[in-house]
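> Below is a structure I'd like to ask you about.
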Ligand code: ASP
């Protein structure tokens, strides 16, 4: 058994690696080399750290499914050589990337930890140092020669979350993420306290990387006063195969006949409609109120307590996997990577 863990650090961009452009004063991505200069502690780790940096680091608002495929392939290519992976990523779309990777990496047996920061690494009060150092420690952690964590996670501000349960909820606080419907996997204080009862079970099977994603997905967020034209525009948008309906409370929506008719017609055309709540926490329970039983009747799928981020990426993943609608609906309703409570 080897005793020194090895980690692959993948730098995609984001605030963690940003500096102020002296001319414009705006934050811009910079070269990964500076990250090593900024955190000399990295060289003191009893961990071998190799790194790959994107030739053009991006603000994560520019993240695209093509980059998720690139990340999944990088992990696949380097899977045997490393004990764990740390992905440095902007926090804005980190929950989407973490969710997408969780679906794409089936039978993952090693940790993939996404982290970033609210303040650039070069600033005195940066949160980036702790986030990066502890992420590396978690990605390298083993017990009896086996990785402690074997799933896609987000680490931010002393907390380790299941990636596909996270949501960026605060654009200013260091605690930028929440996992409203699932407990923490670990907390970092004086000790790193793991909560194994919350971990995904390691299947022990061979890693299978899926790299087909279909972006024919849309979100229709309801609000009082939404017009028929808007509803039809989203449901009928070119190329859309699945629509996430962001409903009120426990999955409720207007019972007005034009609205139900619009949804019913879309379902008949083969559009998948998934009911996700606009609430930050809690679950969709179709049929609990009269205002959701209609949805159930016309074939809208209940999304349980999935986040919008998990719903979007799960649909992209499933549409890329199969054309068999029944199979897709079955998989949509089941927990593939711990993204939904059943
Ligand atoms: N706009 C940045 C990004 O998501 C914010 C961050 O890094 O936290 O890339």
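> Kindly evaluate residue 278 against the criterion of being touching a strand residue (DSSP E or B) at 6+ places or on another chain (Cβ under 9 Å), more than 22 Å from residue 161 (Cα to Cα) and surrounded by fewer than 17 Cβ atoms within 10 Å (Cβ to Cβ). Give the steps one after another, and end with the answer.
Working: touching a strand residue (DSSP E or B) at 6+ places or on another chain (Cβ under 9 Å): yes; more than 22 Å from residue 161 (Cα to Cα): no; surrounded by fewer than 17 Cβ atoms within 10 Å (Cβ to Cβ): yes.
Spelling it out, it is not the case that residue 278 is touching a strand residue (DSSP E or B) at 6+ places or on another chain (Cβ under 9 Å), more than 22 Å from residue 161 (Cα to Cα) and surrounded by fewer than 17 Cβ atoms within 10 Å (Cβ to Cβ).
> Can you give me the number of residues within segment 190-243 that are in contact (Cβ under 8 Å) with a residue 40 or more places away in the chain and part of a loop (DSSP other than H, G, I, E, B)?
17
> So for segment 121-143 (the condition being modelled with pLDDT of 95 or more, under 18 Å from the mean Cα position of the chain (by Cα), away from the ligand (no atom under 16 Å from the Cβ) and more than 25 Å from residue 173 (Cα to Cα)), does at least one residue qualify?
no
> If you don't mind, there's one more thing I want to ask. Quick test for you: out of 251, 302, pick the one residue that is in contact with a helix residue (DSSP H, G or I) (Cβ under 6 Å, 6 or more places away or on another chain), in contact (Cβ under 8 Å) with a residue 12 or more places away in the chain and buried (at least 19 other Cβ atoms within 10 Å of the Cβ).
251
> Does any residue in segment 37-48 that is farther than 12 Å from residue 137 by Cα come within less than 7 Å, Cβ to Cβ, of a residue that is at pLDDT below 80 six or more places away or on a different chain, and which pairs are these?
38/122
> Are any residues in segment 102-118 surrounded by fewer than 24 Cβ atoms within 10 Å (Cβ to Cβ), farther than 16 Å from residue 313 by Cα and away from the ligand (no atom under 16 Å from the Cβ), and if so, which ones?
Scanning segment 102-118 gives 107, 109, 110.
> Considering only residues that are under 26 Å from residue 283 (Cβ atoms), away from the ligand (no atom under 16 Å from the Cβ) and not in a strand (DSSP E or B), which ones fall in segment 167-189?
179, 180, 181, 182, 183, 184, 185
> If you take the residues of segment 37-51 that are in contact with a helix residue (DSSP H, G or I) (Cβ under 9 Å, 6 or more places away or on another chain) and part of a helix (DSSP H, G or I), which of them is farthest from residue 82 (Cα to Cα)?
So, considering only residues that are in contact with a helix residue (DSSP H, G or I) (Cβ under 9 Å, 6 or more places away or on another chain) and part of a helix (DSSP H, G or I), the one farthest from residue 82 (Cα to Cα) is 38.
> Can I ask one more? Kindly indicate whether any position in segment 65-74 is under 16 Å from the mean Cα position of the chain (by Cα), surrounded by fewer than 17 Cβ atoms within 10 Å (Cβ to Cβ) and at pLDDT 95 or above.
Among the residues of segment 65-74, at least one is under 16 Å from the mean Cα position of the chain (by Cα), surrounded by fewer than 17 Cβ atoms within 10 Å (Cβ to Cβ) and at pLDDT 95 or above, which makes the answer yes.
> Assess whether residue 151 counts as being more than 15 Å from the ligand (Cβ to nearest atom), under 15 Å from the mean Cα position of the chain (by Cα) and surrounded by fewer than 17 Cβ atoms within 10 Å (Cβ to Cβ).
No, not satisfied.
> Sticking with this one: Please indicate, with yes or no, whether at least one residue in segment 223-230 is crowded, with 17+ Cβ neighbours inside 10 Å and either over 19 Å from residue 289 (Cβ atoms) or touching a strand residue (DSSP E or B) at 6+ places or on another chain (Cβ under 8 Å) (or both).
no
The values are calculated or read from the model by the stated rules, or taken from the named source; none is laboratory data. This one's a predicted model, so the numbers in the text were calculated from it and none came from an experiment. No Cβ is skipped: glycine too gets one built from the backbone with ideal geometry, and neighbour counts run over all protein chains shown.
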